[in-house]
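Participant: Here's a structure for you.
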Amino acid sequence: MARTSLQANQRAIELVGHNLANVSNPAYARQRLNLQTAHGIPVEHGLQGAGVEVTGIDQFRDILLDRQIANEGSILAYLEEKQKILQFAQSMIGQDLDRTASSPEGKAASKGVSGQMGLGDNLAEFFNALQALSSNPSSQAYRQVVVFKAQNLSEKFNRIDFRLGELGHDLNNEVVSMVDDVNNAITFLEQVGHLISSHKLLSNANDYTDKFHQRLEDLSKFVDVQFEFKPVATVDPATGKAMEKLHLKLGGVEVIEAGDVVSKLTVVIKDVDGNTVTRQNNILERGDTVYVETIKSGDQFKLSAGKIKAVIDVRDQAVSGFKASMNMVSEKIKDRINLEHTKGASLPVVQLSSIFTGTGDLAIEGLSADLSAGDQLVFANGGVFTVAEDAGIGSTELKGAYAGDFPLAKGERAALQNLEFFDSETQGLIVNERISGNPALLHASLGGDAGNNEMALRLAQIIDEKQEALKGQTFGEAINREIVGFGQELNSIETQALDQGTVVRMLEEHRTSMSGVSIDEEMANLLVFQRAFQANAKLITLLDSLVEVSIGIIND
C-alpha cells in the first residue's frame, strides 16, 4: 500500500513538473494524474486496503472548444488576409481611399476622394488644361500643358493597371506556396494521428494531442477544416478497446480517411486565354491564373474560409474588378476624346508657295511638321489635300490628291485634320506620339484657323458629359465611384476583422482559463504531492523498523 502510494505521488510530482515546464506553451493543455482506490485484499475480518493506483492521465481539453477556435480562426485568417491584400492594392492605386462615405454617390462623387495626384485629380487637370487652351488656342505653351497633363493621366491609368497586374501575379504565386504548406500539414497530421491512435491504447497521447491541435489550428488559417477520431470496427485484443482513427476534411472533401491520406490539394493553372496548362515546378508566367482543387477526382471542393480563399476572392473580385473598371473607363476616355478630336484641326502646318489649281504636287514653303501618307490637310475654303507620301519638316513639296471646288492662292495655309489624340492601336491610354512630339498638331480648332477654339471647348466640355456606357455617369464620377467602392470594401473588412478578432480572443481566453497552466495551482499541488510522498516514505521506514524489531524478538 505504501509502495503504490509512493509511486503514485512520484508520478504526480513528475506530472506537475511537466505542467510547469509548459507554462508558456500556448499549445499545451494541462494534465492531471487520474487516481483511484486499488482493489482491496480479502482478509479474515474483511478487505484490507491496497492503497491507490494510477489509471491514466487526464488532459484539460475541450474538443468542442478546439473546433470552435479552429473554425473561427479560419474566418479571422480569411478576413485579415483579405484586409492585408486590399491595403496593398490601396497603396498600388496610389491614393488614400474614402472609407466613410455613406454611398459612392456621396461627398466623394466627382470631388475629392482621390488623394494628392490621384486619378480624379489627373483627370480634372487634363480637362482644365483643355479649358485653358480654349482661351488661347494658338499658344504652344498651353498646348504643351495639355499634352503634359494627358501624359500624366495616361501614366496614372497605365501604372495602376501594371501594378494591379503584378499584384495578381504575386497572389497566384502566394496560392501555390499556401497549397504546399497545406499539403505538408496534411502529411504531419497523418503521422501524428497514427501516434495518437496507438498511444491512446497503450497509455496516453496527450502530448501528441497538443501537437496535433497546434498544427491543426495553423492549417485552419489556410483552409476550413473539419476533423474527428472515429473508432474502427476491429477491437484490440490486448486492451479490449477499439482504436480511433483520424478523419480530416478540407473544404468539405476528406483528405485523411481512417488515419491515412487519401487526397491532397493541387493547383490548376490557366493561361491568359483560359486554357489549363502545366508549368514545370509550378513556376507561373505573367497572365496565369491559379485555382485550387483536390487530387481525388469527383470531389466537390469548396472553400468557405482561410487565407487561400481570401487570396482567390480578392484577386478575382476586388483587384480584377477594379482593374477591369479602370481599363474600361480609360478606354471610354480614349474613344470619346478621339471621336471629337478627329473632327478638329491642328495649327497650320502648310503654306502654299504658289497658286495651286487643284492638280499635281503641292508647292509649299518649309513644312512645319512631319506628315505621313494618308494624312489629310484642310484649307480655309474647305478643300482637303490627302498626302500620298511621307514628308519631313522643311519639305517644299507634297505629293497627293486634292478634293475641292476652288483653286488655292499663294499663301493659303492648311492644317492637319482627322488625327487621333490617344493612340487607338496600342493597349492602355497612350498619347499619340505625333502630338506628344509636336503639340502644334493638337486639334484645338474647327477648319484650321489658328484663332479658332471650338474644338478645344468641345473637348473641355466632355468632362461634364453623362456617358451611357458608364451608366449615365461622367468620367470623374465613374472613377470616384470605383475608388469609393474599393475604400468602403476595405473599411468593411477592417470592421469585420476587428469583430472576428474579438470572438477568437474570447474563445482563446476561455480555453486558457480551462486548459492553461496556473503556476499557483501547480505549486500548491506540488506541495501536497511532496508531503504525501514524504509521508509514505516515512510509513515505509516505520514498517521496516517494525519488521526489524519483530525479527529481533523472534531470534531472541
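Participant: With respect to the numbered conditions (1) assigned to a strand (DSSP E or B); (2) within 25 Å of the chain's Cα centre (by Cα); (3) of a type in the set (A, V, I, L, M, F, W, C), which one is the sole condition not fulfilled by A233?
Facilitator: (2)
Residue-wise test of (1) touching a Phe, Trp or Tyr at 6+ places or on another chain (Cβ under 9 Å); (2) in a loop (DSSP other than H, G, I, E, B); (3) in contact (Cβ under 8 Å) with a residue 24 or more places away in the chain.
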position: L339; (1), (2), (3): no, no, no
position: Q351; (1), (2), (3): no, no, yes
position: F385; (1), (2), (3): yes, no, yes
position: A401; (1), (2), (3): yes, no, no
position: K410; (1), (2), (3): yes, yes, yes
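Participant: Restricted to region 324-336, and to residues that are in contact with an Asp or Glu (Cβ under 9 Å, 6 or more places away or on another chain) and crowded, with 21+ Cβ neighbours inside 10 Å, which residue is nearest to G165 (Cα to Cα)? Can you show your working first?
Facilitator: Kept after step one, since they are in contact with an Asp or Glu (Cβ under 9 Å, 6 or more places away or on another chain), are these residues of region 324-336: 325-327, 329-330, 334, 336.
Adding the requirement that they be crowded, with 21+ Cβ neighbours inside 10 Å leaves 326, 329-330, 334.
Working: M326: 12, V329: 17, S330: 16, K334: 21 Å.
Per the stated criteria, the residue is M326.
Participant: Residues in region 195-206: is at least one in a loop (DSSP other than H, G, I, E, B) and loosely packed, with under 15 Cβ neighbours inside 10 Å?
Facilitator: Keep residues of region 195-206 that are in a loop (DSSP other than H, G, I, E, B), which gives 203-205.
Checking which are loosely packed, with under 15 Cβ neighbours inside 10 Å leaves us with 203.
The answer is yes, given that some residue of region 195-206 is in a loop (DSSP other than H, G, I, E, B) and loosely packed, with under 15 Cβ neighbours inside 10 Å.
Participant: Next question, about the same structure. State the number of residues belonging to region 167-185 that are of a type in the set (D, E) and either buried (at least 20 other Cβ atoms within 10 Å of the Cβ) or in contact (Cβ under 8 Å) with a residue 24 or more places away in the chain (or both). Give the steps one after another, and end with the answer.
Facilitator: As a first pass, look at region 167-185 and keep what is of a type in the set (D, E): 170, 174, 180-181.
The next check asks that each one be either buried (at least 20 other Cβ atoms within 10 Å of the Cβ) or in contact (Cβ under 8 Å) with a residue 24 or more places away in the chain (or both); those that pass are 174, 181.
Selection size over region 167-185: 2.
Participant: Now, a different point. Restrict the check to region 286-307 and report whether at least one residue is under 23 Å from A77 (Cβ atoms), touching a Ser or Thr at 6+ places or on another chain (Cβ under 9 Å), of a type in the set (V, I, T) and surrounded by fewer than 19 Cβ atoms within 10 Å (Cβ to Cβ).
Facilitator: No, every residue in region 286-307 fails to be under 23 Å from A77 (Cβ atoms), touching a Ser or Thr at 6+ places or on another chain (Cβ under 9 Å), of a type in the set (V, I, T) and surrounded by fewer than 19 Cβ atoms within 10 Å (Cβ to Cβ).
Participant: Mind telling me which of the residues S110, S114 ends up being of a type outside the set (D, E, K, R), at pLDDT below 50 and at positive phi? Walk me through it before giving the result.
Facilitator: Details: S114 fails: at positive phi.
The unique qualifying residue is S110.
Participant: Follow-up. When you scan region 208-223, do you find a residue that is part of a helix (DSSP H, G or I), of a type outside the set (A, V, I, L, M, F, W, C), touching a residue at least 60 places away in the same chain (Cβ under 8 Å) and surrounded by fewer than 16 Cβ atoms within 10 Å (Cβ to Cβ), even just one?
Facilitator: Filtering region 208-223 down to residues part of a helix (DSSP H, G or I) leaves 208-220.
The next check asks that each one be of a type outside the set (A, V, I, L, M, F, W, C); those that pass are 208-211, 213-215, 217-218, 220.
Checking which are touching a residue at least 60 places away in the same chain (Cβ under 8 Å) leaves us with 209-211, 213-214, 217, 220.
From what's left, surrounded by fewer than 16 Cβ atoms within 10 Å (Cβ to Cβ): 214.
Yes, because at least one residue in region 208-223 is part of a helix (DSSP H, G or I), of a type outside the set (A, V, I, L, M, F, W, C), touching a residue at least 60 places away in the same chain (Cβ under 8 Å) and surrounded by fewer than 16 Cβ atoms within 10 Å (Cβ to Cβ).
Participant: Could you pull out the residue among F148, F157 that is of a type in the set (F, W, Y) and out of contact with any Ser or Thr (no Cβ under 6 Å at 6 or more places or on another chain)? Talk me through it step by step, then tell me what you get.
Facilitator: Working: F157 fails: out of contact with any Ser or Thr (no Cβ under 6 Å at 6 or more places or on another chain).
Testing whether each residue is of a type in the set (F, W, Y) and out of contact with any Ser or Thr (no Cβ under 6 Å at 6 or more places or on another chain) leaves just F148.
Participant: With the checklist (1) under 24 Å from M328 (Cβ atoms); (2) surrounded by 19 or more Cβ atoms within 10 Å (Cβ to Cβ); (3) over 32 Å from the mean Cα position of the chain (by Cα) in hand, flag the one item L164 doesn't pass.
Facilitator: (3)
The values are calculated or read from the model by the stated rules, or taken from the named source; none is laboratory data. Predicted model, so just to flag it, every value in this text is computed and none were measured. Every residue, glycine among them, receives a Cβ derived from its backbone with ideal geometry; neighbour counts consider all protein chains shown.
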